[in-house]
């Protein structure tokens, strides 16, 4: 996949950043303002916009109104669970060391 303007490949996304973005939404009733989502991920605005565009292009999140509220989709929730479980298995972490969510939004 290349970007239309430059023809260059976009950088690989940091899965921890993706997980933090999805987790912030999952912990906030599957909705969040853009500002709260950026703070939850702990990244600068320029990087946040890139990740948000990536997540929207993959149908993991969607903007719900012009004021900038972002919503986690069902596909996004599945990705959240997959990343959370996968990172635990691959890295051998403890369940309480990764973000968790109580309920499925579906």
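Where a number appears in this text, it was derived from the coordinates with a stated rule and is not lab data. On a predicted model such as this, the values are computed, not experimentally measured, just so you know. Cβ placement follows ideal geometry from the backbone for every residue including glycine, while neighbour counts extend to all protein chains displayed.
General remarks:
- The simple spin-label model puts a point 7 Å past each Cα toward its Cβ; for residue 85 and residue 67 those points are separated by 3.6 nm.
- Considering only the Cα atoms of segment 15-97, their convex hull presents on average a projected area of 5.3 nm².
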